1. Restricting attention to region 60-75, and to residues there that are assigned to a loop (DSSP other than H, G, I, E, B) and not aliphatic (A, V, I, L, M), which single residue is modelled with the lowest pLDDT?
2. Quick check on region 311-370: of everything there that is among the basic types (Lys, Arg) and more than 14 Å from VAL290 (Cα to Cα), which residue is farthest from the chain's Cα centre (by Cα)?
3. So, of the residues in region 36-51 that are buried (at least 16 other Cβ atoms within 10 Å of the Cβ) and either more than 26 Å from MET1 (Cα to Cα) or among the small types (Gly, Ala, Ser) (or both), which turns out to be farthest from the chain's Cα centre (by Cα)?
4. Name every residue in region 302-321 that is out of contact with any Leu (no Cβ under 6 Å at 6 or more places or on another chain) and within 19 Å of GLY49 (Cα to Cα), in order of residue number.
5. Hey, VAL57 hits all of (1) assigned to a helix (DSSP H, G or I); (2) in contact with a helix residue (DSSP H, G or I) (Cβ under 7 Å, 6 or more places away or on another chain); (3) of a type in the set (Val, Ile, Thr) but one; which does it fall short on?
6. Looking only at region 13-35, filter to residues that are within 11 Å of THR59 (Cβ to Cβ) and part of a loop (DSSP other than H, G, I, E, B); which one of those is least open to solvent (accessible area, probe 1.4 Å)?
7. In region 102-123, which residues are open to solvent by less than 10 Å² (accessible area, probe 1.4 Å) and either charged (D, E, K, R) or touching a Cys at 6+ places or on another chain (Cβ under 8 Å) (or both)?
8. Go through region 147-173 residue by residue and tally those that are closer than 22 Å to ALA265 by Cβ, acidic (Asp, Glu) and open to solvent by 10 Å² or more (accessible area, probe 1.4 Å).
Amino acid sequence: MIRIGNLSLPPDGDFDLLRRRAARALGVRPGALEELEIVRESIDARDKGSVRYIYTVETTLPNEASVVRSAPGRNIALAERERYSFPEVRRRSPLPPVVVGMGPAGLFAALFLSRNGLPCVVLERGRDIDRRTLDVERFWAAGALDEGSNVQFGEGGAGAFSDGKLTTGTHDRRISAVLDALVEAGAPADVKYSYKPHIGTDVLRQVVKTIRGELISLGCDIRFGHRLTGLTVSGGAVTGVEAESPNGRCLLSADTVILAPGHSARDTFAMLREAGLPMEKKKFAVGVRVEHRQRDISLSQYGPAWERLPPSDYKLACHLPDGRSAFTFCVCPGGQVVAAASEQGGVVTNGMSLRARDGENINGGLLVGVGPEDFPGDDALSGVRFQEQWERAAFRLGGGSFRAPAQRVEDFLRNRPSEGSGAVAPTYRPGVAWTGLSLCLPGYVTGSLRQALPLLDRKLRGFAAPDAVLTGVETRSSSPVRILRDENYQSSLRGLYPCGEGAGYAGGIVSAAVDGIRVAEAVASSM
């Protein structure tokens with residue numbers, strides 16, 4: 001296989017032009033390239049007057065070593081992809097593994113176990129994605145929260161109501177296996193090569209349903225409305241699980257439990273702490289959602305070519321004199337700010353966008369890192385209480401009914417309450433209350449954000465635009481706890497495998513799915 005890098009195309013270039021440029025780089029006729037596969041696509045916007053796509057492609061030809069040696073172009077090399085393979089299955093237990101949670105970690109743990117002859121029992125506290133979507137829409141329309149079925153809980157996990165971003169800072173051979181599985185289930189093929197891949201929440205929900213169908217066809221027993229309430233233990237090993245189900249208390253014998261509850265399963269964390277399971281508080285980040293008009297950000301990023309390019313996003317960060325850092329997180333081009341609460345009496349925000357990313361606004365988390373030294377108390381759940389404190393403050397400040405407190409950037413920087421919107425109309429439902437945000441975030445967080453906004457505006461002109469909208473609060477950037485596990489991915493309770501973002505070992509769809517596969521490998525390899 002031959003890899004050709006740094007092929008440049010204008011915004012209106014097409015695949016035929018890419019083929020011709022690849023052939024020219026190799027010194028062959030375009031017709032000689034029977035197949036041409038894109039392995040990387042990005043946008044170079046350093047020169048706003050000449051924005052372009054940059055591609056890396058792969059192809060196969062006879063006598064490849066000779067072709068590479070004689071090629072007139074640059075950035076050409078022989079390439080061989082590392083193929084993922086699941087390890088040999090050595091598990092002999094007659095009991096099926098039990099997977100708790102149907103977010104990315106739980107789904108991929110169950111998928112790779114069942115594909116290799118180990119179908120699972122899968123317990124999900126929420127509802128299937130279709131009924132869950134109806135529950136979420138009802139909440140956004142009227143503020144009627146279902147604590148068992150919402151943006152945090154249900155089939156697909158929290159990622160099912162996001163942008164379906166597949167970016168990750170990790171490097172792992174399992175990533176290609178995750179992307180392959182998503183494309184097989186209906187995700188767009190470009191998620192395998194885009195520099196910043198995303199599925200879109202509308203497409204992701206269908207992908208999740210397709211994966212569920214495969215799990216069922218492979219013999220998995222999927223049970224919705226089953227919330228983990230306890231573990232049975234003997235001799236330092238798990239022997240079963242207890243769950244609350246639509247039909248009452250449910251008991252299952254199990255010698256292997258993959259625990260992938262998601263980062264908002266606070267009652268599960270409390271149950272595990274009472275059971276004596278080792279866990280620790282960990283760092284995360286809190287702040288607000290910042291919302292701009294998409295056209296303004298795209299113009300700032302791309303210049304005159306912005307209308308011929310996909311909606312732009314951004315990734316910004318700065319270190320502040322007080323030692324803290326502020327950064328953007330989970331940016332949703334052409335999307336909306338969503339109500340993401342999972343408990344009564346608390347406001348939580350997140351971002352979401354569809355595959356088309358064709359909304360008027362772009363939003364992103366604007367967060368400040370916080371750590372154990374900021375949390376009240378010394379126990380493992382002090383970070384949970386910290387989240388709850390500010391979510392409840394935001395609920396009160398919004399006036400109840402899950403309206404979110406909001407403030408224009410100009411007013412926030414001058415520390416004065418806002419009285420209404422300007423050029424940027426907030427997208428959060430069930431609605432916002434114009435106010436000041438100082439009463440729903442710690443003073444050091446609002447202080448850090450006031451320092452950060454002008455600094456980030458230097459990196460992206462217009463980021464601190466006066467009419468940009470800040471909506472609070474964002475507190476669920478990652479899990480506030482880590483459930484400790486050893487080098488074999490087990491907790492001190494043998495047979496219990498903490499997994500994914502909720503257990504403190506991932507930070508997004510892909511990294512959670514990868515962690516699910518890792519744990520599946522460990523389960524399959526155990527005797």
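The values are calculated or read from the model by the stated rules, or taken from the named source; none is laboratory data. If you're wondering where the values come from, they're calculated on a predicted model, not measured in any experiment. Reconstructed Cβ throughout: ideal geometry from the backbone, glycine too, with neighbour counts over all protein chains shown. These area figures cover heavy atoms from the full protein model, side chains too; ligands, DNA and RNA do not enter into them. Shrake-Rupley method; radii C 1.70, N 1.55, O 1.52, S 1.80 Å.
1. Filtering region 60-75 down to residues assigned to a loop (DSSP other than H, G, I, E, B) leaves 60-63, 71-75.
Add one more test, that the residue is not aliphatic (A, V, I, L, M), and what stays is 60, 62-63, 72-75.
On the way: THR60: 91, PRO62: 92, ASN63: 91, PRO72: 91, GLY73: 88, ARG74: 91, ASN75: 93.
The extreme case among them is GLY73.
2. First, the residues of region 311-370 that are among the basic types (Lys, Arg): 315, 324, 355, 357.
Narrowing further to those that are more than 14 Å from VAL290 (Cα to Cα): 324, 355, 357.
On the way: ARG324: 24, ARG355: 15, ARG357: 16 Å.
That would be ARG324.
3. In this case the residue turns out to be VAL51.
4. Start the filter on region 302-321 by keeping residues that are out of contact with any Leu (no Cβ under 6 Å at 6 or more places or on another chain), which leaves 303-305, 307-313, 315, 317, 319-321.
GLY303, PRO304, ALA305, GLU307, ARG308, LEU309, PRO310, PRO311, SER312, ASP313, listed by residue number.
5. Checking VAL57 against (1) assigned to a helix (DSSP H, G or I); (2) in contact with a helix residue (DSSP H, G or I) (Cβ under 7 Å, 6 or more places away or on another chain); (3) of a type in the set (Val, Ile, Thr), the one that fails is (1).
6. The residue in question is LEU33.
7. Selection gives ALA105, GLY106, ALA109, ALA110, LEU113, SER114, CYS120, VAL122.
8. 1
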